[in-house]
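In what follows, a structure is listed as structure tokens, so that the remarks can point back to it.
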Amino acid sequence: MIGESTSKNPRISHMSISNGDICSDFGSSPVYTVQVPPTPDNNPGPLHIGLQDMDSSSSYKDEDLDQTELRNSKEEDALLYKISQPLTRVVKISPIIIALYRILIFVRIVALCLFLFWRARNPNEKAIWLWGLSVICEIWFAFSWLIDQIPRLYPVNHATDTEALKARFETQNRNNPTGKSDLPGIDVFVSTADAEKEPPLVTANTILSILSVDYPVEKLSCYLSDDGGSLLTFEAMAEAASFAKIWVPFCRKHKIEPRNPESYFGLKKDPYKGKVRHDFVRERRYVKRGYEEFKVRVNALSHSIRRRSDAFNSKEEIKALEKWKNWKVKVEEDQVKEPRPAIVAPKATWMSDGTHWPGTWTVPCQNHSRGDHASIIQVLLDPPEDEPVDEIGGEGRALDFEGVDIRLPMFVYVSREKRPGYEHNKKAGAMNALVRASAIMSNGPFILNLDCDHYVYNSIAFRDGICFMMDQDGDRVCYVQFPQRFEGIDPSDRYANKNTVFFDINLRALDGIQGPMYVGTGCLFRRTALYGFDPPLAPVETEPSGSCCFPQQKKRKPATLEYASGIGKGCRVPR
Ligand SMILES: O=c1ccn([C@@H]2O[C@H](COP(=O)(O)OP(=O)(O)O[C@H]3O[C@H](CO)[C@@H](O)[C@H](O)[C@H]3O)[C@@H](O)[C@H]2O)c(=O)[nH]1
Ligand SMILES: [Mn+2]
């Protein structure tokens, strides 16, 4: 479900795949010359597909040799064909279904009109006020039902082609001789606010599902915003970063789905089905045990932080008491007027390295309470190296990651500064803080946000989103909204908690008009669209007109008109 970058734009037009247009058998068909010029903002620009007859080729004479080679290889032909494919397409919903639905709407409109007409013609004289009120209510209900139906007139489905994305950006070809991934960077934002209401284990699972997505590691960064400023969340995230070192390569090696360990190990289906590697059973058992231990450590954190802090605080109290006693002795003996030292040490929350936690303390005090603390930013996983790294016989030979990339994406803990008197206790502010922090640290051209209790269910989901962004008209897409699926709902879903109508009908229907609304989470944004400014443009000066005696003043074209249809394209986001 995609949203447009500006309301000025008409509906997004997508190329639809037509088998008749492009021949899939390349044996004797014309050669497809595909040029995908790399641009600094990682947008491919328009894809030019030149259909060339080899005999009449004149401008590509130098490349004749290359093209002959390409022609010889069926695989390369297939690659060229794949590159030429659109990354997304609209899958039309069956016209019969839509026609039936429209007929049903029409029948209901007629029935409603007849009913309202009958109501108006039959007033209840004994309770005229009550009658009037109920007619008004019924008209309002009919009207709101009608408004609800209008967006559903043109529902669409979008499909992505991740193979074409791979062929275009991650396969060795003339434009990409090394075959290194040319996909754009994505910064993932996760928000959490309260370590008690939002258990850190759930947040840790969300983070693990993000760190292990199928996307180039060096292009991915994950930021956690902790509005609670809690040491518990911080230490749980440090634990998650450490467990990710085995979880992420394990997922990559054995193609695990979903990549949230709690959900994966809780799956009811047979975990060995379809797994062919001989070491899967052993490694799964090892990682499962590792996860159980990780859970115990995370669940014990609040206790261990309390115990550690109590120990440090009692030491501080003893020190303070000693200081006070020394002062007392000095004052009595020498009559020196030194200021009296504090007899009680603050009840601080301590980090494991023996320093004060800069965020919220368990016993809040000035500068260390929920709405009053300094900003904290800590890189828990450093940016990865540029080239893949593998490991033979990792974890003391219990796991073998030979040929598996063991690098992890950058992971950063952020808790924005809070001060009394400032209203900054909402998610939007947390997102703004992350937009600013990430702009300095990784500056990914795309941003995806998730609540701490939402996880990535499908490891290629990010690629799906990027297909829309990098498609031919992709630079006009502001955001791609993913639908939500819910776990732990009673099987019959008596209370409609799955929100199927909203996610699977309303948003899809809106997608057919201009795009769905942003639902607050699970949304992939174009960074420049969030910044909300137009590309910088040089003023265009028009030729003076009018007579030679009365020259008119030079007029400047309004900059926005120039690029009205290309917003976002002119904005370069350096990576
Ligand atoms: O001061 C705050 C308050 C909340 N949050 C975060 O905001 C998210 C959503 O808050 P929550 O209280 O969980 O709201 P819900 O009602 O559960 O969520 C609904 O509203 C959210 C905000 O629009 C959407 O993201 C969700 O999809 C939607 O289900 C959570 O990750 C919170 O940690 C902060 O970061 N800072
Ligand atoms: Mn929530």
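The values are calculated or read from the model by the stated rules, or taken from the named source; none is laboratory data. Worth saying up front: this structure is predicted, and the values here are computed from it rather than measured. All Cβ positions, even for glycine, are placed from backbone atoms using ideal geometry, and neighbour counts span all protein chains on display. With ligands, DNA and RNA removed, areas are computed over all heavy atoms of the protein, side chains included. Shrake-Rupley method; radii C 1.70, N 1.55, O 1.52, S 1.80 Å.
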Checking the structure you have, find out if any residue of segment 234-243 is within 16 Å of ligand 2 (Cβ to nearest atom) and acidic (Asp, Glu). no
What number of residues in segment 423-452 are within 16 Å of ligand 2 (Cβ to nearest atom), of a type outside the set (D, E, K, R) and assigned by TED's automatic domain parsing to the domain that holds residue 384? 4
I need every pair where a residue in segment 215-240 that is under 13 Å from residue 185 (Cα atoms) has its Cβ under 8 Å from the Cβ of a residue that is open to solvent by 10 Å² or more (accessible area, probe 1.4 Å) and part of a helix (DSSP H, G or I), sequence separation at least 6 or different chains. 215/463; 221/441
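Here is a yes/no grid of residues against (1) on the phi > 0 side of the Ramachandran plot; (2) within 13 Å of the chain's Cα centre (by Cα); (3) free of Cβ contacts under 8 Å to residues at least 12 places away in the same chain:
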residue: 457; (1), (2), (3): no, yes, no
residue: 461; (1), (2), (3): no, yes, no
residue: 464; (1), (2), (3): no, yes, no
residue: 474; (1), (2), (3): no, no, no
residue: 483; (1), (2), (3): no, yes, no
residue: 495; (1), (2), (3): no, no, yes
residue: 503; (1), (2), (3): no, no, no
residue: 510; (1), (2), (3): no, no, no
residue: 517; (1), (2), (3): no, no, no
Exactly one of 147, 128 is β-branched (Val, Ile, Thr) and within 36 Å of the chain's Cα centre (by Cα), and that one is 147
Let me confirm something: among 494, 485, 476, 508, which residue is among the charged types (D, E, K, R), within 16 Å of ligand 2 (Cβ to nearest atom) and open to solvent by 40 Å² or more (accessible area, probe 1.4 Å)? 485
Would you please list the contacts, defined by Cβ atoms under 6 Å and residues six or more apart or on different chains, that run from a residue in segment 194-206 that is under 11 Å from residue 262 (Cβ atoms) to a residue that is open to solvent by 20 Å² or more (accessible area, probe 1.4 Å) and in a helix (DSSP H, G or I)? 205/262
Hey, could you check segment 173-196 for residues that are within 15 Å of ligand 1 (Cβ to nearest atom) and not in a loop (DSSP other than H, G, I, E, B) and say which is farthest from residue 358 (Cα to Cα)? 188
For segment 255-266, state whether one or more residues are more than 27 Å from residue 350 (Cβ to Cβ), assigned to a helix (DSSP H, G or I), among the hydroxyl-bearing types (Ser, Thr, Tyr) and more than 16 Å from ligand 2 (Cβ to nearest atom). yes
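Condition check ((1) on the phi > 0 side of the Ramachandran plot; (2) within 16 Å of ligand 1 (Cβ to nearest atom); (3) open to solvent by 20 Å² or more (accessible area, probe 1.4 Å)) across all residues:
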position	(1), (2), (3)
198	no, yes, yes
203	no, yes, no
221	no, no, no
226	no, yes, no
If I filter segment 274-284 for residues that are assigned by TED's automatic domain parsing to the domain that holds residue 209, of a type in the set (D, E, K, R), at pLDDT below 90 and not in a helix (DSSP H, G or I), do I get at least one hit? yes
Could you grab me the full set of residues in segment 348-379 that are under 19 Å from residue 424 (Cα atoms), surrounded by fewer than 18 Cβ atoms within 10 Å (Cβ to Cβ) and of a type in the set (Ser, Thr, Tyr)? 369, 375
Restricting to helices (runs of 4 or more DSSP H) lying wholly in segment 74-169: which have 1 or more residues that are open to solvent by less than 80 Å² (accessible area, probe 1.4 Å) and farther than 30 Å from residue 181 by Cα? 95-121, 128-149
The one condition residue 301 fails out of (1) among the aliphatic types (A, V, I, L, M); (2) under 28 Å from residue 408 (Cβ atoms); (3) without any contact (Cβ under 8 Å) to a residue 40 or more places away in the chain is (3)
Within segment 444-461, does at least one residue satisfy the condition of being more than 13 Å from ligand 1 (Cβ to nearest atom) and acidic (Asp, Glu)? no
Scanning segment 432-447 residue by residue, those open to solvent by less than 20 Å² (accessible area, probe 1.4 Å) and polar (S, T, N, Q) turn out to be 438, 442
Given the options 353, 386, 405, name the one that is closer than 14 Å to residue 245 by Cβ, assigned to a loop (DSSP other than H, G, I, E, B) and assigned by TED's automatic domain parsing to the domain that holds residue 306. 405
Just the residues that are farther than 21 Å from residue 201 by Cβ and charged (D, E, K, R), please, taken from segment 270-284. 270, 273, 275, 277, 279, 282, 283
May I ask you to say which residue of 329, 298 is at pLDDT below 90 and either open to solvent by less than 80 Å² (accessible area, probe 1.4 Å) or not in a helix (DSSP H, G or I) (or both)? 329
Selection within segment 151-199 - within 16 Å of ligand 2 (Cβ to nearest atom), within 22 Å of residue 448 (Cβ to Cβ) and more than 18 Å from the chain's Cα centre (by Cα): 193, 198
Got a number for residues in segment 459-473 being open to solvent by 20 Å² or more (accessible area, probe 1.4 Å) and either modelled with pLDDT of 95 or more or within 16 Å of ligand 2 (Cβ to nearest atom) (or both)? 2
